[in-house]
Structures are given as C-alpha cells and as structure tokens.
C-alpha cells in the first residue's frame, strides 16, 4: 500500500494529465452527441419545410444522427492518443466479422434503403405487411413502425417487409366493399335482389360509378348467397361496411326474407317392445 501511495505521489502530474484527457474525451463525446441531436433536429425542420415525406425524413435523420455520433466517438478516442488509422482498420475488420454475424440486420438496413427509394408506402398509409396491418408512422434504418386500429405499436423488421407482399389500402381513392348475404332457399330471389338494390341506392355514400354489383354468387349448402359489391371512397369504407350489414339485416327482416343460420335437428326413434 505504501508503495502504491508513493507511486501515485511520484506520478501526480502524469495521472492528472491522463485524467484531464479522459475528461476532455468524455466532453468531446457528450458535446458531439448534443451537436448530432442539434443538427438532426435542424435537418428534420428543413426537410419538413421542403415538404419531404415523413418516411424519407425520418430515415435520413436516423442515418445522419448515427454517423455524427460515430464521428464524435472517433474524435473522443483520438484525443486519448489512439491511432485512428489503426482504429479504422480494426473497425473495418470488426465490421466484417460483425456483418457476417448480423446478416439479418444488414438485410434490414438494405431493405430500409429499398423502401425509401421505391416508396411502396408513405407515412399515414394503411398497409398490410409481413402479416401485420396498421398505419405507417415511421420508417427507420432497420425497421418500420406501424400503429394498429386499436392504437398498438408494431415494429416490423424491414427485411420482413420487402421479403413478403405489401398491400397498401391508401394508394387509391376508392375501394370496393365485398359482402356475401345468404338467404333461405325458400326466399323469392327477385324480391331479395330488389331489397338489396334498394338498400344500396338509399346509401348516399355509395358511389354511382363504378356501378355496384348485386347478384346470386353461389348455391351453398344451406343458403342462396348474394354478392353485394358497392364502391365507396376509401375513407368511408368501414363506416359504410358496418352500416350496410345492419341495414340489410333490418330490411330483409321487414320483407320477411329469412337469413338462415346453422341448425341441428335431432330425431329420436323409440322402439316399443312387448313384455312377455
């Protein structure tokens, strides 16, 4: 212990120099991160002012922030006396090894570039990707953030998105509602079609063009199924969908047209035996 204290006493200036360098290096890194946030925030405002899509803006800002933090880290360790040339070589070798170990992450990164370049969707679009549905909020370097209709957040890896089909429900102004309405085999088909047509014509949110389709779709096991396919504005899809189902049920009931439902008939055969 005495030798350690003596060594510290003899090397106070050297230790103080190291301590100052460490403190300065930490300050460089902390200030670098602060500057990175500042620059990223300013860049985000500029992109917003230029009306750049939120998806593209979020991606560029995330990438810029990561690069600036990396520069701050290299500057900090350079101040400590590390040879940054050797460090770059080490980082390159380590990057190769990490790249092989993190092929999935690199795939997500490349997929993020593709999503930004080809833009199959943008922020605010309602999409179905990789088996998940929701409103696109942000596209990051490695993943895309969705908000579900019940206000849950889903983070989907970009690789999973580009590796599967993408359904974008927001690219078109109009959508077709596909309803299948089953009625009893005893029902008058002409009267049924008349009721369905009246319901469609009375709904003001249904578009006149393209014209709605109403007709017998199939003769099913227990019902005659009608296809009811009107067109609406994309924003009216679900409100009209729900209202149509309710109105059709009510109007068919008023017309005395039965909507069949699964039933089970049980027949009991009782045998009478004579007592001997």
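Nothing in this text is a laboratory measurement; each read-out follows from the coordinates by a stated rule. Note that the structure is a prediction, hence the values are computed from the model and not measured. Glycine also receives a Cβ, built like all others from the backbone with ideal geometry; neighbour counts cover every protein chain displayed.
Summary of values
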read-out: Percent of Cα-Cα distances greater than 19 Å, calculated over the range 174-254; value: 32 percent
read-out: Estimated inter-spin distance, residue 70 and residue 38, nm [label 7 Å along Cα→Cβ]; value: 2.3 nm
read-out: Relative contact order, percent, the range 120-168 [alpha-carbon distance under 8 Å, six or more residues apart]; value: 36 percent
read-out: Gyration tensor (Cα) of the range 161-202, equivalent ellipsoid semi-axes in angstrom; value: 36, 15, 5
read-out: Neighbour-count order for 60, 24, fewest beta carbons within 10 angstrom listed first; value: 24, 60
read-out: Cα convex hull of the range 103-257, projected area averaged across orientations, nm²; value: 11.4 nm²
read-out: 5 Å binning of all Cα-Cα separations within the range 120-168, expressed as whole percents from 0 upward; value: 5, 26, 38, 25, 5, 0
read-out: In nm, spacing of pseudo-spin labels at residue 234 and residue 180 (7 Å Cα→C-beta vector); value: 2.7 nm
read-out: Contact order normalised by residue count of the range 137-276, Cα under 8 Å, 6+ apart, percent; value: 24 percent
read-out: Spin-label pair residue 241/residue 150, simplified geometry with 7 Å Cα→Cβ offset, distance in nm; value: 1.5 nm
read-out: Cα shape, the range 218-259, gyration tensor, a/c 1.5 rule; value: oblate
read-out: Backbone N under 20 Å from the residue 207 label point (7 Å along Cα→Cβ), restricted to the range 156-171; value: 167-171
read-out: Centroid-to-centroid separation of the range 188-250 and the range 132-162 [C-alpha atoms, Å]; value: 33 Å
read-out: Order of 138, 250, 191, 204 - criterion: other Cβ atoms within 10 Å of each residue's Cβ, fewest first; value: 204, 250, 191, 138
read-out: Alpha-carbon Rg/Rh ratio, for the range 129-212, with Rh computed the Kirkwood way; value: 1.19
read-out: Extension gain, residue 258 back to residue 45 (0.36 nm per residue minus Cα-Cα distance, nm); value: 70.6 nm
